[in-house]
1. Looking at Trp206, Pro119, Ser170, which one has the Cα that reaches farthest to the positive end of the dipole of the range 87-232 (charges on Cβ: Lys, Arg +1; Asp, Glu -1)?
2. Tell me, in nm to one decimal, what length is gained between Glu105 and Asp204 on full extension, where the rule is 0.36 nm per residue of separation less the Cα-Cα distance?
3. Roughly what % of DSSP beta bridges within the chain run antiparallel, to the nearest 5?
4. Can you compute the label reach from Ile220? Point 7 Å from Cα along the Cβ direction, backbone N cut-off under 19 Å, restricted to the range 135-156.
5. How big is the charge dipole of the range 26-228 about its Cα centre, in debye rounded to the nearest 20, if each Lys and Arg gets +1 on its Cβ and each Asp and Glu gets -1 on its Cβ?
6. Which one, Arg146, Arg115, Arg56, has the greatest fluctuation when you compute a Gaussian network model over the chain with C-alpha springs under 10 angstrom?
7. Provide the gained length on full extension for the span Ala140 to Met173, in nm with one decimal, where the gain is 0.36 nm per separating residue minus the Cα-Cα distance.
8. Taking neighbour Cβ counts within 10 Å as the exposure measure, how do Trp191, Trp199, Trp59 sort from fewest upward?
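Computed from the coordinates by the stated procedures, all read-outs in this text should not be read as laboratory data. Quantities reported herein were computed from a predicted structural model and do not represent experimental measurements. Backbone-built Cβ (ideal geometry, glycine too); neighbour counts: all protein chains shown.
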Amino acid sequence: MTADRDTNESGYLRSYGRRRGKKLRPGRERLMDDLLPRISIKPGTPVTDQFPSRLRALWMEIGFGGGEHLAAQAAGNPDVGIIGCEPFLNGVAKLLSQVDEQKLENVRIYADDARDIFPDIPDGALERVFVLFPDPWPKAKHHKRRLIQTPLLDQLARMLKDGGEFRFASDHMGYVRWVLSFALKHPDFEWMAEGPSDWRDPPDDWTRTRYEQKALAGDIMVYLRFRRKARA
C-alpha cells in the first residue's frame, strides 16, 4: 500500500510498498486519465452515496493486486457494489482495463490506502470484505507493518453488517497464524471453519488471482472466513 509515511491522520500505521512499477501502456494511461476519475471513491463523502441506489449490498477488497478477483466478483454479482482499494498504480490500471472491457458499472476504486476512507463507510454498511494475499512482512522487525492488526479488525467489525463476512487468504503460514491469533480473540468475529476443507479449499465463488495461480505450484494456500457476530 502507500509508502514513505509512517502514520495517517487517524494514527494508523501506514503500509509500505511501491506506488508505481514499469511504465504503463498508452491504453492504460488513458484509462487512468479518463476512467479512474469517474469511478474513484471521493474521500469525505459517504461511500453509500457513490453507488447506484439499486444495488442490494456493498463489498470491499483491500489490496486487489491486478484486480482479477474483484473483476470476477463484480461481473458475477451485478447487484453488489464493490469498493476496490489499491495504491499500486499499475494494479489499478489493470483493474481499470477489466472494468472497461467488461463494462462493469458496480466498481468504485480508491487508489491509495484503504484506511483513508474508513471514516466514510457507515456502521454496518458492508456485507463482505476481502484481504487476499497481502504482503506477509516475514521478518520479525517488520511484523508491525502487517495489515491485519487489532485496530483494523475493530474497523472491519464496525463497517460489517451483522452476519457479514471477512475473507482472508495467504500462502504464508506465519501470517495465517498471526491472523488467527488476532481474529480468534476478537470479540466481534467467529471463525466459520468446521473442518480442514473449510480452510484448505477456497469458497465456491472464488476466482484465483494471478499471484495465487503462480504460487499454487509449490505452496499451501489457506482461506480463512470470519463472520461478524450479531451486535448486542
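1. Ser170
2. 33.3 nm
3. The answer is about 35 percent antiparallel.
4. 136-138
5. Roughly 520 debye, rounded to the nearest 20.
6. Comparing Arg146, Arg115, Arg56 in the GNM, the peak value goes to Arg56.
7. Roughly 10.5 nm would be gained on extension.
8. Result, fewest neighbours first: Trp191, Trp199, Trp59.
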